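Student: Have a look at the structure that comes next, please.
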Amino acid sequence: MSYDGHYANVYDQIFHQEDMARSTADFLGALMPEHSAKALELGIGTGRVALRLAAKGHPIVGVDASQGMLDVLQEKLTEFDTSAVEVHLGDMATWEPLGEEKFELVYSVLGSIACLPTLDQQRAALIRACANVADEGHLVIESYNPPPLLRVFDQVPSFEARAEYPHAAAQLHSLGKLDDNRLSVTLDHTWSDGGGDRNFLEQVHLIDPHIISSIVQENGLELSGLYGDWSRSPYDEFTTAMFVAAFKRTHT
Ligand SMILES: C[S@@+](CC[C@H](N)C(=O)[O-])C[C@H]1O[C@@H](n2cnc3c(N)ncnc32)[C@H](O)[C@@H]1O
């Protein structure tokens, strides 16, 4: 599924929480003490995190497969007249920077890795991500923790959620279903605001943090921390909703 169309248009309204984006950018910024250290975001989207990291003085290169999401980001870059964020339309499983450029930080947050539909594509993206990390550089991946989600589906075949967005005078209704392979969740969303109803599908392809960890470690980086959130709460297999896995390249 693509983030183009309705999803791109309402994405910033759905993920509007300042504190959530700030805690992500603070965690990532602390890994790059040097002001000019450069970062690569895989699945940059509308720049929710990248713009905050750029505001800390870090040049960012961002890759995203959705032109719709990049159009929203481009509008913000024009509005704030910033050249600190360089944007590329591409697939994180295959995208390569020009030349030999490496990054002090490569990151992919809010489950962008779970947008890739197969484990092979997720593995390819992680291998590429590792190859782009400079010596002493970091890789950080945030995604959905499979066990709690699977536990929900052990009890009900599908779930329905309704969230209110008073800042946008809107409501998001979501219907979630687990595919037979127990690896993918399909979310059928309806965003309702004064302009009517907008439908969009989202697919989440679950990947366990320990699988990510073994792929990344096979590719030369060491696990520096596995957390349950951006405040570094300990990861718990059964209660962590989104995990944060941080890695470091200590030698080539
Ligand atoms: C949940 S959004 C996260 C966006 C942004 N990182 C944030 O934190 O708000 C997932 C993003 O990954 C992008 N994406 C999905 N598949 C991709 C792929 N194969 N390569 C690059 N980006 C992809 C989507 O277009 C979307 O912008």
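Just so you know, all these numbers are worked out from the coordinates, no wet-lab data involved. Quick caveat: nothing in here was measured; it's all calculated off a predicted structure. Counting neighbours? That spans all protein chains shown, and the Cβs are built from the backbone with ideal geometry, glycine included.
Student: Please give the peptides 77-86, 170-179 ranked by average Cβ packing (other Cβ atoms within 10 Å per residue), highest first, as a rough proxy for protection. Write out the running numbers ahead of the final one.
Tutor: On the way: 77-86: 13.2, 170-179: 16.1.
Sorting 77-86, 170-179 by mean packing, highest first, produces 170-179, 77-86.
Student: Taking amide H positions as placed in the peptide plane 1.01 Å from N, state which residues far from ASP229 in sequence (5 or more) or on other chains have amide H under 5 Å from it.
Tutor: VAL244
Student: Report ³J(HN,Hα) in whole Hz for each residue of the stretch 109-114, in order, from the Karplus equation J = 6.51 cos²θ - 1.76 cosθ + 1.60 where θ = phi - 60°; Gly and Pro get x.
Tutor: 10, 6, x, 4, 5, 7
Student: Please list, or write none, the lysines whose alpha carbon is within less than 23 Å of the alpha carbon of LYS38, excluding same-chain residues fewer than 8 places away.
Tutor: LYS56, LYS76, LYS102, LYS248
Student: Ranked highest first by the average count of other Cβ atoms within 10 Å around their residues, in what order do 39-45, 241-247, 61-67 fall?
Tutor: Values: 39-45: 26.6, 241-247: 20.1, 61-67: 21.9.
Top of the packing list down: 39-45, 61-67, 241-247.
Student: While we're here: Ordered by residue, what ³J(HN,Hα) values in Hz, to whole numbers, does the stretch 165-181 give under the Karplus form 6.51 cos²θ - 1.76 cosθ + 1.60, where θ = phi - 60° and Gly and Pro are x?
Tutor: These are the phi-based 3J(HN,Hα) values: 10, x, 4, 10, 6, 9, 9, 10, 9, 10, 10, x, 9, 8, 6, 4, 6 Hz.
Student: Considering amide H positions built from the backbone, and no H for Pro or chain starts, which residues 5 or more places from LEU206, or on another chain, come under 5 Å of its amide H?
Tutor: Correct list: SER184, VAL185.
Student: Taking +1 at the Cβ of each Lys and Arg and -1 at the Cβ of each Asp and Glu, which of PHE80, LEU187, ALA245 sits farthest along the dipole of the chain towards its positive end, judged by Cα position relative to the Cα centre?
Tutor: ALA245
Student: OK, next. Please find the FRET efficiency linking ARG232 to SER192, where r is the Cβ-Cβ separation and R0 is fixed at 35 Å, and quote it to the nearest 0.05.
Tutor: Taking R0 as 35 Å, the efficiency between ARG232 and SER192 is 0.40.
Student: When the chain is fully extended, how far beyond the present Cα-Cα distance does SER158 get from GLN13, taking 0.36 nm per residue of separation?
Tutor: Going from the current span to full extension adds 49.7 nm.
Student: If you don't mind, there's one more thing I want to ask. With just the Cα atoms defining each centre, how far is the stretch 173-252 from the stretch 79-114? Give it in Å.
Tutor: About 18 Å separates the Cα centre of the stretch 173-252 from the one of the stretch 79-114.
Student: Please report how far the C-alpha centroid of the stretch 33-48 lies from that of the stretch 117-148, rounded to the nearest whole angstrom.
Tutor: So the separation of the two Cα centres works out to 15 Å.
Student: Could you run the Karplus curve 6.51 cos²θ - 1.76 cosθ + 1.60 with θ = phi - 60° over the stretch 126-136 and give me ³J(HN,Hα) per residue in whole Hz, x for Gly and Pro?
Tutor: Coupling constants for the stretch 126-136: 5, 5, 5, 4, 4, 5, 8, 8, 6, 4, 6 Hz.
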